[in-house]
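The values are calculated or read from the model by the stated rules, or taken from the named source; none is laboratory data. All figures in this text were calculated on a predicted structure; none of them were measured in a lab. Cβ placement follows ideal geometry from the backbone for every residue including glycine, while neighbour counts extend to all protein chains displayed.
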Amino acid sequence: MKSTVQLQALINDRLAKLALDGKPTNLYHPISYMLSLGAKRFRPLLVLLTAQMRGGTVADCVAPAMGIEVFHNFTLLHDDIMDAAPLRRGHPSVHEKWNSNIAILSGDAMFVRSYQLICQIHSDQLILALTRFNDTALEVCEGQQWDMDFEDLPAVSERDYLEMIRLKTAVLLGFSMELGAMMAGFNHVEQRQLYLVGESFGLGFQLMDDLLDVYGDQQKVGKQVGGDIIANKKTYLMIAAYDRADSRQLSILRKWMEAKDFDPAHKVASVKKIYDDLDIPQLVKTKMEDYFSEAFRLLKTVDCDPQALDIFLNFANELIQREK
């Protein structure tokens, strides 16, 4: 039975040894750079932690788990291009360090590499794993498109926003646990339950990221604080503020949403004050806790190895309690 620290070390070691030193260097170096930018390896950890819950052999599960991590980083690389994000995990994003064309093609190569890794799953599980991965990858693309479409809509409902983040973020966490469950021998009903555990965690963690974007420490969150406000992103915070604002606050929010030339720091401070006045941070925290509670409730419905379950729960609680 391996601890979270041991599993993280194993994943990082295997990622560092991927054959990504080929030519042309402008295709492969950006991939190595992206994968080296320090991360918790949340998704591959979910694969391996879930596999341990039913006695799965970690060594047999590492390659597919890495495939999930490579795919996730591919989506981040392309998201950064679409969002014109200057930073990723506190470092220049790939399109800033190289250029957008290189970033697009390197991302495409990462997508292919993720397939190669997932295909190293046992042949008995290959068709199901690839079918579910294809379903999930397409849902992630749907979520990203909804996210971009929302930028051009005058208003977005809370329900539509939650569905967007379910697709863009939560389904991949769900599939990570589902993939680990497949390799560990959980039955199809249990695989579905564990998928829903991951999806609920994903919804909660995305709301946490929305909160950290505004209230986090840039040194800790690794990206520009207030970036969602600057980019007029219709996050859960912004949607909740529009729903609860009085006429004066609505006027201020609309002014900033329509402004073309502005001081970014002033805009962030002004919108953040409205969030504070409306107690939006607490509203988000309550919603997050609802999703986390649902994840833990669902987890109790699945028969798991007690020691492996404790390791998983400790990992989940550490992430939930991470500094805001």
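Things worth noting here:
- Checking L130, L126, L138, L87 one by one, the residue that is under 15 Å from F74 (Cβ atoms) and among the aliphatic types (A, V, I, L, M) is L138 and no other.
- Meets criteria (at negative phi, in contact with a Pro (Cβ under 9 Å, 6 or more places away or on another chain) and either surrounded by fewer than 20 Cβ atoms within 10 Å (Cβ to Cβ) or free of Cβ contacts under 8 Å to residues at least 60 places away in the same chain (or both)) for Y215: yes
- Counting the residues of region 157-201 that are part of a helix (DSSP H, G or I), of a type in the set (S, T, N, Q) and over 13 Å from the mean Cα position of the chain (by Cα) gives 2.
- Listed by first and then second residue, the pairs linking a residue in region 245-262 that is under 12 Å from A231 (Cα atoms) to a residue that is polar (S, T, N, Q) and in a helix (DSSP H, G or I), with Cβ atoms under 9 Å apart and 6 or more places separating them unless they lie on different chains, are W256/S270.
- From the options P64, P86, residue that is under 22 Å from the mean Cα position of the chain (by Cα), modelled with pLDDT under 95 and at negative phi: P86
- Pair list, Cβ under 7 Å, 6 or more apart: region 283-308 residue surrounded by 12 or more Cβ atoms within 10 Å (Cβ to Cβ), other residue part of a helix (DSSP H, G or I) and of a type in the set (D, E): V284/D210; V302/E190
- Subset tally (residues that are of a type in the set (S, T, N, Q) and more than 24 Å from F133 (Cα to Cα)) for region 5-35: 3
- For region 298-313, the candidate set comprises residues that are within 23 Å of the chain's Cα centre (by Cα) and among the aliphatic types (A, V, I, L, M); within that set, the residue that is farthest from L196 (Cα to Cα) is I311.
- Number of the exception - A19 against (1) of a type outside the set (D, E, K, R); (2) over 18 Å from the mean Cα position of the chain (by Cα); (3) in a helix (DSSP H, G or I); (4) at pLDDT below 95: (3)
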